[in-house]
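The values are calculated or read from the model by the stated rules, or taken from the named source; none is laboratory data. Computed from a predicted model, the values in this text were never measured in an experiment. Backbone-built Cβ (ideal geometry, glycine too); neighbour counts: all protein chains shown.
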Amino acid sequence: MLNAFQNITKVPELKKRLFQTALLLTVYRIGVYIPTPGIDTQSLTALFNAQSGTLFGLIDMFSGGAVSRFSIFTLGIMPYISASIIIQLLTVVIPQLEKLSKEGELGRRKITQYTRYGTILLSVIQGLGISVGIENVAGVGAASLVYNPGWAFRLMTVLTLTSGTAFLMWLGEQITERGIGNGISLIIFAGIVARFPSGLVRTFTLIRTGEMGIFIGLLLLLIMVSVVAIIIYFERAHRRIPVQYARRIVGRKIYGGQSTHLPLKVNTAGVIPPIFASSILLFPATLSNFIKHPVTQKISQTLTPGNISYEGLYIAFIIFFCYFYTAVTFNPVDVADNMKKYGGFVPGIRPGKKTAEYIDRILTRITLGGALYVSAVCVLPSILISRFNVPFYFGGTGLLIVVGVAMDTIQQIESHLITRHYEGFLKKGQVKGRKG
């Protein structure tokens, strides 16, 4: 592996791409500290320290602390992610979009353009909602967080936050085109990783002051390494369905006849289920900050992270969304029809409907395993905080994103090295990303 890192410096194009990626991510991290005009940022930061168990705390984690500072990147890249998911779901429902998605590069460009328009629209709506909502939130000493409330502040906030999201969207596309890895994923990755050092510092402080024993610290380190290894294993895991292609004679040539396999990922849905589940369950806690009513307060207390009711619903929602998102994004009927069209079949299974049923049955079984794995990783932070008093949030959606993006990025770096006849990170085989 050390030789692989040394080989990176021998490939000028790869070195240039890594430098540009680091430079663009640095621009993103600098923008996180540029505040939006008209906000008392100190009072807002103090208020957000008490909002870690709400939807604001979840969004702040993905934005790398931009929300608690109310910076120009407060909305982060989440409007783009939301627009992409909405367009992806609409592709299944609207025949025109489904047809467009199958038209090759031209269709993909058109869908990307629609996603950009959707991102701007969602940014405007969210920016207006945040500006109106923050005017009604009292800061330290019951004073308003906004210096001069009104439409001038709202329009300025909408323009600033929308521009920040559009710039991040452009930044992500530049990283994808000129750098290494998926730019949008790397921006989320950088935002989450930026909060790791402060958590480690707090842990070492607790060990040094005697509030946490050395044995507990070593046990936590062992648990962290084990969890990361488990995530890597499951993100690469897939079930291989053998596929045989019949021989076809075209003129004097014989085509087909080879054996291959259809890989079905254990975790097809990725990190979408825990994001959806967290958003739904944390919404009542967020709403209770604006609506002071006994009913909302009671619901907020019941759905507080760490409670048995919250964790049980969290696991149930994750399992539900794993099956739902897998059903939306993977269609066994289309896969079976494509196999039949090109002369492929699963040994022992009739082509067409029987093959689709067979693939669906296997996908249903392995999705349950993937859903339970995602649930275990997402419940892990609550266990560590309640049992071991861990002073930082380890596990959950953030860790899934960090490990997955790191695997994909390393896989792309290794592909560049191997293409130019250099040794990769592994002497035998090749590092595989989540797509396997």
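Below are the figures for this structure:
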{"read-out": "Selection within region 212-246 - touching a residue at least 60 places away in the same chain (Cβ under 8 Å), in a loop (DSSP other than H, G, I, E, B) and either more than 30 Å from Thr364 (Cα to Cα) or touching a Pro at 6+ places or on another chain (Cβ under 9 Å) (or both)", "value": "Met212"}
{"read-out": "Candidates Ile77, Ile59 - the one that is modelled with pLDDT under 80 and either in contact with a Gly (Cβ under 8 Å, 6 or more places away or on another chain) or among the small types (Gly, Ala, Ser) (or both)", "value": "Ile59"}
{"read-out": "Residue, modelled with the highest pLDDT, within region 62-72, restricted to residues that are part of a loop (DSSP other than H, G, I, E, B) and closer than 14 Å to Met156 by Cα", "value": "Ile72"}
{"read-out": "Selected residue [touching a helix residue (DSSP H, G or I) at 6+ places or on another chain (Cβ under 8 Å), part of a helix (DSSP H, G or I) and modelled with pLDDT under 90] from Ile120, Ile85", "value": "Ile85"}
{"read-out": "Residue within region 343-354 that is in contact with a strand residue (DSSP E or B) (Cβ under 8 Å, 6 or more places away or on another chain), of a type in the set (Val, Ile, Thr) and assigned by TED's automatic domain parsing to the domain that holds Pro274 present", "value": "yes"}
{"read-out": "Single residue of Ile175, Ile207, Ile187 found to be in a helix (DSSP H, G or I), in contact with a helix residue (DSSP H, G or I) (Cβ under 7 Å, 6 or more places away or on another chain) and without any contact (Cβ under 8 Å) to a residue 60 or more places away in the chain", "value": "Ile207"}
{"read-out": "Selection within region 205-251 - surrounded by 12 or more Cβ atoms within 10 Å (Cβ to Cβ) and β-branched (Val, Ile, Thr)", "value": "Thr205, Ile207, Ile216, Ile223, Val227, Val228, Ile230, Ile231, Ile232, Ile241, Val243"}
{"read-out": "Verdict on Ile39 being hydrophobic (A, V, I, L, M, F, W, C), modelled with pLDDT of 70 or more and surrounded by fewer than 19 Cβ atoms within 10 Å (Cβ to Cβ)", "value": "no"}
{"read-out": "Residue in region 159-167 that is touching a helix residue (DSSP H, G or I) at 6+ places or on another chain (Cβ under 9 Å), closer than 29 Å to Leu14 by Cβ and either of a type in the set (Asp, Glu) or surrounded by 15 or more Cβ atoms within 10 Å (Cβ to Cβ) (or both) present", "value": "yes"}
{"read-out": "Residue that is closer than 22 Å to Val333 by Cα, modelled with pLDDT under 85 and either surrounded by fewer than 16 Cβ atoms within 10 Å (Cβ to Cβ) or out of contact with any Gly (no Cβ under 9 Å at 6 or more places or on another chain) (or both), where the choices are Val137, Val93, Val132", "value": "Val93"}
{"read-out": "Among the residues listed as Arg202, Arg178, the single one being at pLDDT 80 or above, among the basic types (Lys, Arg) and surrounded by 12 or more Cβ atoms within 10 Å (Cβ to Cβ)", "value": "Arg178"}
{"read-out": "Odd one out for Ile111 among (1) assigned to a helix (DSSP H, G or I); (2) crowded, with 16+ Cβ neighbours inside 10 Å; (3) under 19 Å from the mean Cα position of the chain (by Cα); (4) modelled with pLDDT of 80 or more", "value": "(3)"}
{"read-out": "Complete set of residues in region 348-361 that are more than 9 Å from Pro332 (Cβ to Cβ) and either hydrophobic (A, V, I, L, M, F, W, C) or touching a helix residue (DSSP H, G or I) at 6+ places or on another chain (Cβ under 7 Å) (or both)", "value": "Ile349, Pro351, Gly352"}
